[in-house]
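Visitor: Right, I'll just put the structure down here and ask away after.
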Amino acid sequence: MTAWIAVLIPLLIMVFALGMERLETRLRSGTVREDEVEDFLERARPDEVKALFRQGIGGALQMFRLRNLGKRGGGSKRGRGTATSPRDTTSV
């Protein structure tokens, strides 16, 4: 009986440790960085603050990131479009 306990206890501890490692990797990928939260709290719009209360920090940060990506991608496209349109009108 003692031999079984001596074998099972280390095996159970190893299985538990492997399970906790898997859980830790899942939790680590879902965490939010501190600078992201600070940036969100400084520049969030009212609809994003509402999303913070309704969906949690993950959903609110997702809306915030999409808005910031839209500014970066949309602003550069508009800048190119306005720069080319006067050239087109002057050349025609």
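Visitor: Tell me which residues, restricted to the stretch 17-53, are more than 14 Å from N68 (Cβ to Cβ) and not in a helix (DSSP H, G or I).
Guide: G30, T31, V32, R33
Visitor: Related question: Are there any pairs with C-beta distances below 9 angstrom linking a residue in the stretch 55-74 that is more than 13 Å from R43 (Cα to Cα) to a residue that is of a type in the set (V, I, T), with the two at least 6 apart or on different chains, and if so which?
Guide: I57/V32; I57/V37; G58/V32
Visitor: Next question, about the same structure. How many residues, within the stretch 22-46, are surrounded by 11 or more Cβ atoms within 10 Å (Cβ to Cβ) and over 11 Å from L61 (Cβ atoms)?
Guide: Total meeting the criteria: 2.
A short reminder: the numbers here are calculations on the coordinates, not readings from a lab. This is a predicted model, so every value here is computed, not measured. Note that we place each Cβ from the backbone using ideal geometry, even for glycine, and neighbour counts take in every protein chain shown.
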